[in-house]
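The values are calculated or read from the model by the stated rules, or taken from the named source; none is laboratory data. The structure presented is a predicted model; accordingly, all values stated were derived computationally and were not measured. For neighbour counting, all protein chains shown are included, and Cβ atoms are generated from backbone atoms with ideal geometry for every residue, glycine included. Just so you know, the surface numbers come from the protein's heavy atoms only, side chains and all, with ligands and any DNA or RNA stripped out. Shrake-Rupley method; radii C 1.70, N 1.55, O 1.52, S 1.80 Å.
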Amino acid sequence: MARKHAGVLPTDLRIIGRDVGSLVLMEAGLMAVTSLVALGFREYHAAVAVFLASGVTAAIGGAATRAFADAPNPKMKHGMVIAAGGWLMVAAFGALPFFATAWLTPPAAMDAFVPAATDTSAWEPIRVGSATTLSSLAYFRDPLHAFFESMSGWTGSGLTMAIHEPSLPRALQWWRSFIQWVGGVGVIVLTVSILSRPGSGSYALYQSEAREEKIHPSVVSTVRTVWKLVVGYTVLSFALLAAAIHFSDSAYAQSLAPWEVAWQALNHAMTGLTTGGFSVTDNSIATYNSPLVETALLPIMILGAVAFPVHYVVLHDREVGELVSDLQTRWLFALLAGGIAVLSVQNVVSVPATSGAFATQSFLPFSVPSLDAAQLDAIRDSTFQWVSALSCTGFQSAPIGRWLAGGKVLVAGAMVVGGAAGSTVGGIKIIRAYTIVRGIIWQFSRVFLPKNAVVTARIGDRLLDREAMEREFSEAAIVSLLWLIVLAVTSVVLVNLTGPAFGYADALFEVASAQGNVGLSTGITGPTMSPVAEAMFTLNMWVGRLEIIPVLVFVRAALSGLNP
């Protein structure tokens with residue numbers, strides 16, 4: 001079969017078809033695991049739906065992989081097309097469990113997913129044929145909603161069409177967390193580790209997924225080490241969150257059964273560590289209304305924003321000083337501290353001008369001089385939301401839509417920058433932002449030097465000559481400029497689609513959240529939003545995850561091929 005296709009299709013298409021097929025085939029395996037989860041919870045409609053989705057996905061992915069098995073290893077141009085096309089196809093097939101479960105589950109069975117004793121007085125019924133249901137599962141009968149949810153999950157964005165997450169079947173709650181856990185580390189990273197393909201082909205794929213830093217000389221060894229770190233940290237995060245929820249004194253946390261505590265801790269550990277942000281509670285982390293749970297999540301989110309090579313050096317080589325000596329990690333902590341301070345001041349000052357944005361009852365058992373309850377809550381919310389934004393996690397503990405524009409713009413700035421390259425975060429990355437600022441200063445300082453002066457610049461522990469610095473600066477500037485152009489254009493489009501209920505600060509915030517793969521929301525995103533805006537957000541999430549260049553190469557290849 002492979003030889004037959006070798007004479008029909010160009011080599012470039014065979015390479016791309018085989019490797020995209022491998023990604024899709026890997027996804028089918030994840031769906032099969034999820035169908036077992038559905039069976040475990042006796043969600044038989046979901047089990048059948050996810051199993052069918054797995055079968056369709058496996059058939060198509062397997063056919064492509066077998067048909068083009070003899071294709072040569074990919075080069076960088078192939079790697080970028082495979083990354084862009086692979087993420088698009090994984091999101092498309094990843095929508096099938098949502099779509100199929102919604103259509104195969106009768107409305108009466110959907111209602112059974114709504115937790116007992118839940119106050120649903122404010123929930124809007126969703127029409128399903130001649131019946132109605134309160135379960136958010138019904139929204140996924142719309143293929144655009146299903147595709148949006150899948151793209152948001154795989155890219156680690158966290159924006160959702162499920163207004164009430166607890167009303168989803170457990171299988172889909174798991175699927176949402178599972179795809180964020182895998183997608184946060186990288187679809188291609190997982191596939192490379194499974195295929196164990198040696199040589200330049202693996203490196204081309206690894207680089208194309210917006211990754212550069214390696215822990216070991218071998219890419220396969222690198223990605224396997226990354227997964228060991230992720231699994232280990234996930235177990236620790238689960239234990240920490242389970243303890244925090246169990247010992248929390250909030251009314252909601254105390255109402256949970258032990259198995260429900262474990263379920264929520266597992267899902268939030270998976271989506272928090274990989275900076276995804278999907279939640280299984282009705283109002284993200286605000287549902288707990290617990291300073292203890294929020295405090296437990298802070299180190300988990302920060303862990304996900306630190307580059308994996310730094311984790312490896314600290315744990316394997318026991319060099320804790322790497323947290324200070326590494327440029328990105330040092331600036332990550334500086335931005336966390338400085339951003340929390342600035343956002344706290346902004347929100348404390350804005351308390352008199354806001355309504356319902358901050359709690360009027362203090363969460364502390366003692367009083368703090370010069371600060372009332374609302375101002376203390378503003379500091380608490382600012383701390384959590386800044387860490388959530390800069391780490392690109394997207395867990396939400398506050399009604400950000402009620403904040404003043406200044407607070408929204410500050411958080412949007414954090415979502416644009418993001419954490420460290422080589423971690424699970426989105427945004428333009430700290431190293432790129434640092435290189436641009438350092439390059440501007442370097443260019444300005446050259447004006448005052450003689451023409452024959454030897455000009456160098458230092459970025460971290462690297463001393464760059466003029467040519468190297470210009471190359472680094474131009475690469476960082478080009479990617480960041482393209483990123484910001486997409487952000488500006490789509491935010492202008494969005495503000496015209498949302499109507500008078502939302503201002504430009506809201507639109508900028510929402511687009512920065514989608515494109516930065518964060519998940520925080522001012523209230524724009526939801527199943528009632530404009531289909532044009534929803535489709536645009538899927539583009540933002542796709543572009544943001546791949547950092548634009550692979551997407552541009554993909555479009556160019558689709559229009560003109562891969563030849564020069």
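The table below lists the values:
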read-out	value
Filtered residues of the stretch 452-472 (kept if in a strand (DSSP E or B) and without any contact (Cβ under 8 Å) to a residue 60 or more places away in the chain)	Thr456, Ala457, Arg458, Arg462, Leu463, Leu464, Asp465
Residues located in the stretch 68-82, provided they are touching a Leu at 6+ places or on another chain (Cβ under 8 Å) and in a helix (DSSP H, G or I)	Lys77, His78, Gly79, Val81, Ile82
Scope the stretch 63-81; condition free of Cβ contacts under 8 Å to residues at least 60 places away in the same chain and either within 30 Å of Trp263 (Cβ to Cβ) or out of contact with any Gly (no Cβ under 6 Å at 6 or more places or on another chain) (or both); matching residues	Ala63
Answer from Thr34, Thr65, Thr57 - the residue that is of a type in the set (S, T, N, Q), part of a helix (DSSP H, G or I) and in contact with a Leu (Cβ under 6 Å, 6 or more places away or on another chain)	Thr65
From Phe502, Phe509, Phe444, residue being open to solvent by 30 Å² or more (accessible area, probe 1.4 Å) and either of a type in the set (D, E, K, R) or under 27 Å from the mean Cα position of the chain (by Cα) (or both)	Phe502
Number of the exception - Ser513 against (1) more than 24 Å from Leu481 (Cα to Cα); (2) touching a residue at least 40 places away in the same chain (Cβ under 8 Å); (3) hydroxyl-bearing (Ser, Thr, Tyr)	(1)
Among residues of the stretch 37-49, those that are assigned to a loop (DSSP other than H, G, I, E, B) and surrounded by 22 or more Cβ atoms within 10 Å (Cβ to Cβ), counted	1
Some residue of the stretch 125-135 being assigned to a loop (DSSP other than H, G, I, E, B), surrounded by 14 or more Cβ atoms within 10 Å (Cβ to Cβ), hydroxyl-bearing (Ser, Thr, Tyr) and touching a strand residue (DSSP E or B) at 6+ places or on another chain (Cβ under 8 Å)	yes
Neighbours by Cβ (under 7 Å, 6+ apart or cross-chain): first from the stretch 473-486, touching a residue at least 12 places away in the same chain (Cβ under 8 Å) and in a helix (DSSP H, G or I); second open to solvent by 40 Å² or more (accessible area, probe 1.4 Å) and of a type in the set (Lys, Arg)	Ala476/Arg432; Val479/Arg432; Ser480/Arg432
The listed residue being among the hydroxyl-bearing types (Ser, Thr, Tyr), farther than 18 Å from Val409 by Cα and either touching a residue at least 24 places away in the same chain (Cβ under 8 Å) or in a loop (DSSP other than H, G, I, E, B) (or both), out of Thr490, Thr538	Thr538
Qualifying residue in the stretch 443-450 (condition: within 18 Å of Ala476 (Cα to Cα) and in contact with a strand residue (DSSP E or B) (Cβ under 8 Å, 6 or more places away or on another chain))	no
Hits in the stretch 41-62 - residues which are free of Cβ contacts under 8 Å to residues at least 12 places away in the same chain and over 17 Å from Phe93 (Cβ atoms)	Arg42, Tyr44
Only one of Arg402, Arg458, Arg438, Arg471 that is out of contact with any helix residue (DSSP H, G or I) (no Cβ under 7 Å at 6 or more places or on another chain) and within 15 Å of Glu510 (Cα to Cα)	Arg402
Conditions (1) surrounded by fewer than 16 Cβ atoms within 10 Å (Cβ to Cβ); (2) within 29 Å of Ile60 (Cβ to Cβ); (3) not basic (Lys, Arg); number of the one not met by Gly85	(1)
Test set (1) farther than 23 Å from Glu165 by Cβ; (2) open to solvent by 20 Å² or more (accessible area, probe 1.4 Å) - Val551 fails condition number	(2)
Wholly within the stretch 307-420, helices (runs of 4 or more DSSP H) carrying at least 2 residues that are of a type outside the set (S, T, N, Q), open to solvent by 20 Å² or more (accessible area, probe 1.4 Å) and closer than 18 Å to Val293 by Cα	373-390
Residue within the stretch 437-451 that is outside any helix (DSSP H, G or I), on the phi > 0 side of the Ramachandran plot and out of contact with any Pro (no Cβ under 9 Å at 6 or more places or on another chain) present	no
Residue in the stretch 273-288 that is surrounded by the fewest Cβ atoms within 10 Å (Cβ to Cβ), counting only those that are in a loop (DSSP other than H, G, I, E, B) and at pLDDT below 95	Thr274
Any hit, the stretch 96-112, residues being farther than 25 Å from Trp263 by Cβ, out of contact with any Phe, Trp or Tyr (no Cβ under 7 Å at 6 or more places or on another chain) and of a type in the set (S, T, N, Q)	no
Selection count, the stretch 136-157, where residues are open to solvent by 10 Å² or more (accessible area, probe 1.4 Å) and in contact with a Phe, Trp or Tyr (Cβ under 7 Å, 6 or more places away or on another chain)	3
Answer residue from the stretch 527-543, given it is more than 24 Å from Gly406 (Cα to Cα) and of a type outside the set (A, V, I, L, M, F, W, C) and is surrounded by the fewest Cβ atoms within 10 Å (Cβ to Cβ) among those	Thr528
Scope the stretch 50-65; condition under 14 Å from Gly17 (Cβ atoms), open to solvent by 30 Å² or more (accessible area, probe 1.4 Å) and modelled with pLDDT of 95 or more; matching residues	Ile60, Ala63
Any chance Asp119 is assigned to a loop (DSSP other than H, G, I, E, B) and either open to solvent by less than 40 Å² (accessible area, probe 1.4 Å) or under 30 Å from Leu134 (Cα atoms) (or both)	yes
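Conditions (1) open to solvent by 50 Å² or more (accessible area, probe 1.4 Å); (2) over 27 Å from the mean Cα position of the chain (by Cα), marked per residue:
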{"position": "Gly422", "(1), (2)": "no, no"}
{"position": "Gly427", "(1), (2)": "no, no"}
{"position": "Ala433", "(1), (2)": "no, no"}
{"position": "Arg438", "(1), (2)": "yes, yes"}
{"position": "Asn452", "(1), (2)": "yes, yes"}
{"position": "Asp465", "(1), (2)": "yes, yes"}
{"position": "Ala468", "(1), (2)": "no, yes"}
{"position": "Ala477", "(1), (2)": "no, no"}
